[in-house]
Structure formats: C-alpha cells, structure tokens
Number of protein chains: 2
Amino acid sequence: MAGDNRTIVLFCQADLLKWLRLCVYNRTDVLTKGERTRQAILDTAAALATQEGLEPLSIARLADATGMSKSGLFAHFGSKEELQLATVDHAAAMFVAEVIAPARSAPRGLPRVWALCDHMVDYTERQVFPGGCFFASTSFEFNHKPGPVRDRIEKMIRSWLSYLEHAVEQAQQAGELDSRLSAREIAFQLDAFAQSANAQFQLFRDRRVFEEARRAIHDRLEALRPARAA
Amino acid sequence: MAGDNRTIVLFCQADLLKWLRLCVYNRTDVLTKGERTRQAILDTAAALATQEGLEPLSIARLADATGMSKSGLFAHFGSKEELQLATVDHAAAMFVAEVIAPARSAPRGLPRVWALCDHMVDYTERQVFPGGCFFASTSFEFNHKPGPVRDRIEKMIRSWLSYLEHAVEQAQQAGELDSRLSAREIAFQLDAFAQSANAQFQLFRDRRVFEEARRAIHDRLEALRPARAA
C-alpha cells in the first residue's frame with residue numbers, strides 16, 4: 001500500500017516535471033514566431049475557459065476572441081479536442097510556474113509545505129486566470145464528461161495533491177510535522193482551505209477569504225508541530 | 001459591523017425557512033396531481049443539472065428526459081429561465097430537507113454544529129444528486145453568468161454558510177467552542193472540508209474522502225473546545 005503510493009507520487013512528479021519543462025520553455029526567448037503565436041492563443045484559450053467554460057471552447061470561438069482566422073487556428077490545433085487538451089496542458093504549465101516552481105526554492109520540509117499553500121492561495125488571489133483556478137472550474141465542468149480532456153484534468157489535480165502530500169511527508173520525516181495523521185489527510189485539509197477561498201471569492205467577491213484561508217493553513221500547520229502536539 | 005452581520009444572518013435564515021416550508025410541503029400527501037407532476041419534473045431537472053449542467057437545461061432537453069411534451073412543460077414553466085430558477089429552488093428545498101432539517105433536531109451548540117457538518121458530508125456521500133452537491137457544481141457554472149439564476153444560487157450558498165456560522169456562534173456563546181477565532185472563520189474551515197470531499201469524490205471516485213472530511217471536521221471541533229485550547 002505504501003509502495004503503491006510511492007509509485008503514484010513518483011509518477012505524478014514526472015508529470016509535474018514535464019509541465020515544469022514546458023513552462024520554463026514557454027518563458028525563454030528562443031521561441032519561434034509560430035511558437036510565440038501558439039502561446040498567445042493558449043493564454044486566451046485558458047482565460048476564456050475559466051470564464052465561459054472549456055466545453056464551449058471551439059476553434060470558432062477562439063477565432064472570434066483572438067481575431068485570427070479559423071484556418072490559421074486549425075494549423076495549430078487540428079480539432080476542438082486537441083485545442084482543449086493543449087489548453088489544459090498550457091494551464092498546467094502556468095500552475096506549475098506560479099505555484100510549484102517558486103515553492104521549490106523554499107527548503108524541504110515545513111517551509112516548502114507553507115510555500116506551496118501560500119503560492120496556491122496567492123495564485124487564486126492574483127487571478128492568474130480571470131475566472132479563478134482553471135482546474136477547479138474545469139474539473140466541475142468535466143466531472144461527468146468521460147474522455148481524454150477529463151483524464152488530463154484529473155491527472156493534473158492528482159499530481160498537485162500528490163506533490164503537496166510528498167512535501168508534507170518530507171516535513172514529517174524531518175520531524176517538523178506530527179506523523180500521527182497521514183500526509184494524505186494533511187494535504188487534503190490544507191488544499192481544502194485554498195480551494196474554498198477560490199470558490200467563495202468567485203461567488204461572493206469578498207477578498208477576506210484569502211486571508212482566512214492563509215490563517216487556516218497557518219493554524220493547521222502550527223497545531224501539527226510536534227512540540228505542540230498533545 | 002456585528003449588527004450588520006446579525007441582519008444578514010436573520011435575513012438568510014428567513015430564506016432557509018422559506019425553503020424548509022417548501023420542502024415540508026413537497027413531502028406531504030396533500031399535493032394535487034399537477035403539483036406532484038411538477039415535483040417529479042423538478043427532481044429530474046435537478047439531477048440532470050448536476051450531470052450535464054444547469055445552463056444546457058432547456059424545456060426541450062427536459063421534454064426528452066421526462067418523455068413529456070414541450071407544451072406540457074411550458075404549462076409548468078413559461079421559459080428556460082423560469083425552469084432554471086424553479087430547479088434551483090427545488091434543489092435548495094432538497095438541501096434543507098437533507099442537511100438543515102435533520103440537524104435542527106440536535107441540541108443547539110456543539111451537537112448542532114457537528115450534525116450540520118455530518119449531514120452535509122452525508123448528503124454528498126449518498127449522492128442525493130447524481131453529480132454531487134447541486135450548489136457546488138452550479139455555482140462554478142454560473143460564477144461568470146450574471147443574472148437571476150446566479151443570484152439565486154449565491155443566495156442559497158450564503159444562507160447555508162450563515163446558518164452554519166450562526167450555529168457556531170451559539171456553540172461559542174454556550175462556551176463549547178473557543179471564541180478567539182470568529183464564527184465566520186470556523187464555519188469557513190468546516191465547510192471547506194465538506195466541499196473538498198464532494199469535489200474530490202466527483203473527480204477521483206475514491207470514497208475515503210468522506211471519512212477524511214468527517215475526521216478533519218471532528219478534529220477541528222475538538223481542537224476548538226475551550227478545555228483543550230492553549
């Protein structure tokens with residue numbers, strides 16, 4: 001069971017590294033004109049998906065939003081599904097660049113767990129996507145639409161949760177977090193606060209939720225420090 | 001500020017009582033044949049909305065799903081928007097019947113806070129709606145679609161959160177929960193666990209999340225008991 005879990009974590013981390021390479025690649029200046037155009041199209045596509053949905057995102061809708069011709073877009077993405085999958089990968093690369101990459105500079109253990117959660121709240125607070133977290137909204141949209149797009153969204157969220165769990169596990173191994181609660185459950189709780197801040201902000205537009213989420217995460221981690229454990 | 005909050009809580013409770021009356025009314029045997037037909041149509045409508053979305057829910061789609069004629073459905077709901085609003089009200093009545101009404105039989109204070117959270121997790125675990133919590137999925141769907149349907153969904157979620165907050169406040173007043181953290185923040189944290197269980201179950205289909213959410217809620221409430229507060 002523990003071995004299985006380890007395999008999943010390593011598998012998911014490989015995915016994250018793939019997205020990390022993609023996002024580093026996106027930010028270099030060596031992109032060709034065609035590649036830069038593709039990135040600009042996908043920026044628009046991901047933003048639209050968080051406001052109007054990923055399912056209605058078609059070549060025609062994107063042509064309308066970018067002012068490009070449908071035939072020009074077909075040259076980049078052969079079909080609606082290919083466009084949707086490229087949009088999910090692009091959003092994943094952005095998430096990795098905004099949340100995971102900066103947290104990797106924090107030392108392993110508790111500082112990295114905190115950095116991951118803080119960047120996660122920050123990413124929703126700064127509205128990196130105009131409709132809030134791309135994966136929160138598209139997962140609800142595709143929950144009941146089996147197929148490659150749903151699979152890709154699920155894979156990304158699973159990767160995020162297992163990366164966070166792995167960071168918690170490292171903090172437990174370093175004796176910085178209580179090991180009596182599983183790393184999986186701690187990750188579940190920390191992620192829940194960030195997710196709720198995103199969902200409530202999109203609905204109520206009250207910025208207090210971000211500070212409330214950070215305080216909840218901070219208090220939870222403090223309560224889990226072995227020195228304070230009962 | 002506290003006074004404003006009180007007004008909002010009372011206002012939201014009035015809404016919940018309206019939905020409560022609606023759901024009690026739905027369950028009596030005094031419904032006319034026309035009313036029973038309307039309820040059966042709305043059961044189908046709410047279930048469909050959690051699987052296919054509330055936006056695509058039209059008179060035509062519902063005619064197809066129920067086997068009724070479009071003209072027959074027009075007699076119940078004059079327009080697509082009227083149908084969507086009636087569906088939200090019906091789902092709200094079901095939520096009140098499944099989560100709030102049974103918790104009202106628990107004594108005020110900590111037992112009622114626990115009962116509300118436990119019934120909330122239970123409602124998503126039992127799949128009262130086949131696509132999970134109606135309000136979680138439709139709020140993501142309508143976040144960026146301003147209008148009466150979004151307003152109604154927002155009102156319902158606000159009512160739920162304020163009812164939970166009010167129950168936490170009663171527990172604080174009874175000395176059963178620490179008052180140093182605001183009732184609003186405690187309600188935010190408890191709700192976050194239930195919401196995450198719903199979201200993760202819809203995506204991963206792993207039932208462990210329900211027990212994890214219950215344990216997280218239980219542990220959070222235990223940590224907030226004054227006897228245990230630092």
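The values are calculated or read from the model by the stated rules, or taken from the named source; none is laboratory data. Here the structure is a predicted model, which means the values were calculated and not measured. Don't worry about glycine lacking a Cβ; one is built from the backbone with ideal geometry, like all the others, and counts go over all protein chains shown. Areas reflect the complete protein model, heavy atoms only, side chains present, ligands, DNA and RNA absent. Shrake-Rupley method; radii C 1.70, N 1.55, O 1.52, S 1.80 Å.
Across the identical copies, the 7 Å label point of B:Phe204, projected outward along Cα→Cβ, sits 2.7 nm from its counterparts, in ascending order.
Each other copy places its own label point for B:Gly78 at 5.1 nm from this one, sorted shortest first, where the point lies 7 Å along the Cα-to-beta carbon line. Of the residues A:Gly53, A:Ser196, A:Gln39, the one whose Cα sits farthest towards the positive end of the charge dipole of the stretch A:2-223 is A:Gln39 (charges of +1 on Lys and Arg Cβ, -1 on Asp and Glu Cβ, taken about the Cα centre). For chain B, modelled as a GNM whose springs connect Cα atoms under 10 angstrom apart, the maximal fluctuation among B:Glu169, B:Glu82, B:Glu125 occurs at B:Glu82. The share of accessible area on the stretch B:2-223 that comes from carbon and sulfur is 54 percent, using a 1.4 angstrom probe.
If you count Lys pairs in the stretch A:2-223 whose Cα atoms are under 27 Å apart, skipping same-chain pairs closer than 8 places in sequence, the total is 11.
Taking the centroid of alpha carbons for each part, the stretch A:155-196 and the stretch B:146-173 are 29 Å apart. Would you please give the FRET efficiency between B:Arg36 and A:Glu55, computed as 1/(1 + (r/R0)^6) with r the Cβ-Cβ distance and R0 = 51 Å, to the nearest 0.05? The computed FRET efficiency comes out at 0.90. Simple rule: put +1 on each Lys or Arg Cβ and -1 on each Asp or Glu Cβ in the stretch B:2-223, find the dipole, and look at B:Gly67, B:Thr124, B:Ser137; the Cα lying farthest toward the positive end is B:Gly67.
For the stretch A:89-230, relative contact order (Cα pairs under 8 Å, six or more residues apart, normalised by length) works out to 27 percent. With 20 Å bins beginning at zero, the pair-distance distribution over Cα atoms of the protein assembly as shown amounts to 23, 54, 21, 1 %. Each Cα pair of the stretch A:136-199 feeds into the Kirkwood radius, which the Stokes-Einstein equation turns, at 4 °C and 1.567 mPa s, into a diffusion coefficient of 99 µm²/s. Using the 1.4 Å probe convention, the accessible area of the protein assembly as shown works out to 42 Å² per residue with neighbouring protein chains retained. With its label point put 7 Å out from Cα toward Cβ, A:Gln127 sits 3.7 nm from the same residue's point in the other copies, in order from shortest. Using a 1.4 Å probe over protein heavy atoms, the accessible area lost on pairing A with B, summed over both chains, comes to approximately 3700 Å². Note on A:200-209: average number of Cβ atoms from other chains within 10 Å of each residue's Cβ is 4.
Among B:Leu31, B:Leu83, B:Leu164, the largest mean-square fluctuation in a Gaussian network model of chain B (Cα springs under 10 Å) belongs to B:Leu31.
Dipole size in debye (nearest 20) for chain B around its Cα centre, Lys and Arg Cβ +1, Asp and Glu Cβ -1? Here chain B has a charge dipole of around 300 debye. Basic side chains Lys and Arg get +1 at the Cβ, acidic Asp and Glu get -1 at the Cβ, and with that the dipole of the protein assembly as shown about its Cα centre reaches some 0 debye.
Once you divide the Cα radius of gyration of the stretch B:77-230 by 2.2 N^0.38 Å, the number left is 1.09.
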